[in-house]
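Only one structure is covered here, and it is reproduced in the block below.
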Amino acid sequence: PGEYFARGHYFTLSGASPFQRLIYPVPAPGALGIHVTLDLAGRVRFGPDISWSSELSYAFDETRAATFYRAIRRYYPGLAEGALEPGYVGIRPKIAPEGAPGADFVVQGRESHGLSGLVNLFGIESPGLTACLALANEVAVRLGLA
């Protein structure tokens, strides 16, 4: 499949968390929208946003903060100015380009590449966690293990 890179920035919340659960606003095209996640220590992360790139770059663009404040205040109007701190940038490899409809998982076995014992999985994004047992079963079948 094609190789397209969707960069996603994450900002962290300084101070105590006002949240006890994950919050997912209405998704943006190509992404889940700027949502709330909690790490194992209970700290809050907001993100990711999405920007498309032709190269891999993990440079953090702090000018994106204004967009984050606007998006977060839709579901957390009490967000204080200056409460967001730069977190990190992640790269989500996509199998469809910007503007194209989201593509489903692609599973390629010997029939696609001619190599016995190799199964490629492409486009396994967040829903891949939900589908992981079904995907594992598909891999096992293709490898002759199930």
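The values are calculated or read from the model by the stated rules, or taken from the named source; none is laboratory data. Remember, it's a predicted structure, so these values are computed and weren't measured experimentally. Cβ atoms come from the backbone with ideal geometry, glycine included; neighbour counts cover every protein chain shown. To get the accessible areas, we keep the full protein, side chains included, count just its heavy atoms, and leave off ligands, DNA and RNA. Shrake-Rupley method; radii C 1.70, N 1.55, O 1.52, S 1.80 Å.
Give the calculated FRET efficiency between residue 141 and residue 96 to the nearest 0.05, with a Förster radius of 22 Å applied to their Cβ-Cβ distance.
Numbers: r = 26 Å, r/R0 = 1.16.
The pair residue 141/residue 96 has a calculated efficiency of 0.30.
Run the numbers for residue 45 and residue 3: contour at 0.36 nm per residue of separation, minus the present Cα-Cα distance, in nm.
Numbers: separation 42, 0.36 × 42 = 15.12 nm, distance 2.73 nm.
Fully extending the segment from residue 45 to residue 3 adds 12.4 nm.
Counting only heavy atoms of the protein chains, get the accessible area per residue of the stretch 1-81 (1.4 Å probe) and round it to a whole Å² value. The partial results should precede the final answer.
Details: 4900 Å² over 81 residues.
Result: 60 Å² per residue.
Between residue 81 and residue 131, what length in nm is gained on full extension when 0.36 nm per residue of separation is reduced by their alpha carbon distance? If you can, show how the numbers build up before the last one.
Values: separation 50, 0.36 × 50 = 18.00 nm, distance 3.88 nm.
Once the chain is fully extended between residue 81 and residue 131, it gains 14.1 nm.
About the Cα centre of the chain, how large is the charge dipole given +1 on each Lys and Arg Cβ and -1 on each Asp and Glu Cβ? Please answer in debye to the nearest 20.
On the way: 12 positive and 13 negative charges, 71 e Å.
About 340 debye.
Scan the stretch 1-78 for trypsin sites (Lys or Arg not before Pro) in coil per DSSP, keeping those whose Cβ has at most 13 other Cβ atoms within 10 Å, and list them by number. Display every interim value, and only then the final one.
Details: sites: 7, 21, 43, 45, 64, 70, 73, 74; in loops: 21, 43, 74.
Those satisfying the criteria are 21, 74.
In Å², and per residue, what accessible area does the stretch 105-146 have when probed at 1.4 Å with the other protein chains present? Numbers along the way, then the final one.
On the way: 2880 Å² over 42 residues.
Per-residue accessible area for the stretch 105-146 comes out at 69 Å².
Per-residue ellipticity at 222 nm for the chain, helices alone: DSSP H runs ≥ 4 residues times -39500 (n - 2.57), over residue total, nearest 500 deg cm²/dmol? Walk me through the numbers before you get to the answer.
Values: 4 runs with 28 residues, N = 146.
One gets -5000 deg cm²/dmol as the mean residue ellipticity at 222 nm.
Treating the angle as unsigned and between 0 and 90°, give the value, to the nearest 10°, between the Cα long axis of helix 132-142 and the longest Cα principal axis of the chain.
The two axes meet at around 20 degrees.
So who's got an amide H within less than 5 Å of the one on residue 33, skipping anything under 5 residues away but keeping other chains? H placed 1.01 Å off N, in plane.
Long-range HN contacts for residue 33: 28.
Quantify, in whole percent, the carbon and sulfur part of the accessible surface of the chain (1.4 Å probe; protein heavy atoms only). Spell out each step's value before the answer.
Working: 5050 of 9090 Å².
The value for the chain is 56 percent carbon and sulfur by accessible area.
Whole-Å semi-axes of the chain's equivalent ellipsoid, largest first, each the root of 5 times a Cα gyration tensor eigenvalue?
Working: eigenvalues 240, 62, 31 Å².
Ellipsoid semi-axes (Å, largest first): 35, 18, 13.
In sequence order, what are the phi-derived ³J(HN,Hα) couplings for the stretch 122-130 according to the Karplus relation 6.51 cos²θ - 1.76 cosθ + 1.60 with θ = phi - 60°, rounded to whole Hz, with x for glycine and proline?
Whole-Hz 3J(HN,Hα) from phi for the stretch 122-130: 10, x, 8, 9, 3, x, x, 5, 5.
When the Karplus curve 6.51 cos²θ - 1.76 cosθ + 1.60 is applied with θ = phi - 60°, which whole-Hz ³J(HN,Hα) does each residue of the stretch 73-89 get, with x for Gly and Pro?
5, 5, 10, 9, x, x, 5, 6, 4, x, 7, 8, 10, x, x, 7, 10
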